[in-house]
Amino acid sequence: MNGFEMFSLEGKVALVTGASHGIGFAIAEGLASTGAKIVFCCSSEGSKERAMKAYAEAGIDAKGYVCDVTDENAVNAMVKDITETLGPVDILVNNAATIKRMPMHEMPLEVWNKIINTDLTAQFICAKAVLPSMMERKSGKIINLCSMMSELGRETVAAYAAAKGGLKMLTRNIASEYGAYNIQCNAIGPGYIATEQTKAIREDENGNPTPFHHFIMSKTPANRWGIAKDLMGPAIFLASSASDFVNGHILYVDGGILAYLGKQPQ
Ligand code: GCO
């Protein structure tokens, strides 16, 4: 197998959750560019329609579902339909997630539960739905989207950090439990990426950089926010045979944040 063949996803079915926009969309674009058939799901008809347009504009023939990934029956029905129409899922990218920033001592239990459900339990549900067929076929790739918050805490993101830290261990556990079936489960841990999700912490209401923006700059050796496309290469690697002996790894794509103490005050 040469280098190009190693990274090829020709003939593979990739399910990317929450891939109507942002990081999920960029990852789907990356996987499609190396030959994968893209299936995505999102939470409403409206975002599915907008996404279908965006995929068509990018020249990608994607199949979209509206699916609540925290609902096991809905996920199982979607996976069944994908299997019957396109074939079994070869690559699962657990990307869908949510965040709510507020002090923990003010966080209603419902908010905590919603974040844990969406950012941790849904990933269990989706992986569980695709594992039996991957085990039978002795082949499969599961990629979880972790975060800086899988390693570090900060004010206002208690539930998100707890879920993303849990997802890191779920990644290692899936790798441990199913590695013998030639299933690789790894994670991508994006650093601070300029997406809709981070808009509120990047810009004030007039579009000017926030103090948090300057803080992130001082923490990022690359001296810039990431862009969603920075995740494409790492996703292709973890979805392809190039990573067949890489298992339980968290690949941080953070411009160096986790290696750096931070810029000294001038
Ligand atoms: C925050 C959150 C997220 C980040 C991300 C960092 O600091 O508010 O952690 O907004 O996007 O997950 O990896």
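Read the figures in this text as sums done on the coordinates, not as results from a lab. Computed from a predicted structure; not experimentally measured. All Cβ positions, glycine included, derive from the backbone under ideal geometry; neighbour counts span all protein chains shown.
Go through the range 120-150 and count every residue that is in a helix (DSSP H, G or I) and closer than 28 Å to residue 180 by Cβ. Selection size over the range 120-150: 19. Among the residues of the range 133-159, those identified as over 17 Å from residue 246 (Cβ atoms), surrounded by 15 or more Cβ atoms within 10 Å (Cβ to Cβ) and more than 14 Å from the chain's Cα centre (by Cα) are 133, 135, 151, 156, 157, 158, 159. The criterion of at least 2 residues that are of a type in the set (A, V, I, L, M, F, W, C) is met by the following strands (runs of 3 or more DSSP E) wholly inside the range 1-88: 13-17, 37-42. Remark: residue 56 falls outside the filter, which requires a residue to be out of contact with any His (no Cβ under 7 Å at 6 or more places or on another chain) and surrounded by 15 or more Cβ atoms within 10 Å (Cβ to Cβ). Condition check for residue 153 on (1) free of Cβ contacts under 8 Å to residues at least 24 places away in the same chain; (2) in a helix (DSSP H, G or I); (3) within 16 Å of the ligand (Cβ to nearest atom); (4) not aliphatic (A, V, I, L, M): one failure, at (2). Among the residues of the range 156-172, those identified as touching a residue at least 24 places away in the same chain (Cβ under 8 Å) and either in a strand (DSSP E or B) or more than 13 Å from the ligand (Cβ to nearest atom) (or both) are 166, 170, 171, 172. Within the range 189-220, the set of residues being near the ligand (Cβ under 10 Å from one of its atoms) and in contact (Cβ under 8 Å) with a residue 60 or more places away in the chain comprises 189, 190, 191, 192, 193, 195, 197, 200, 201.
Residues of the range 25-50 being farther than 25 Å from residue 240 by Cβ and not charged (D, E, K, R), which ones? Show your work before the answer.
Step one: list which residues in the range 25-50 are farther than 25 Å from residue 240 by Cβ, which gives 43-50.
Answer for the range 25-50, where residues must be farther than 25 Å from residue 240 by Cβ and not charged (D, E, K, R): 43, 44, 46, 47.
Checked across the range 180-191, the condition of being part of a helix (DSSP H, G or I) and not polar (S, T, N, Q) holds for at least one residue.
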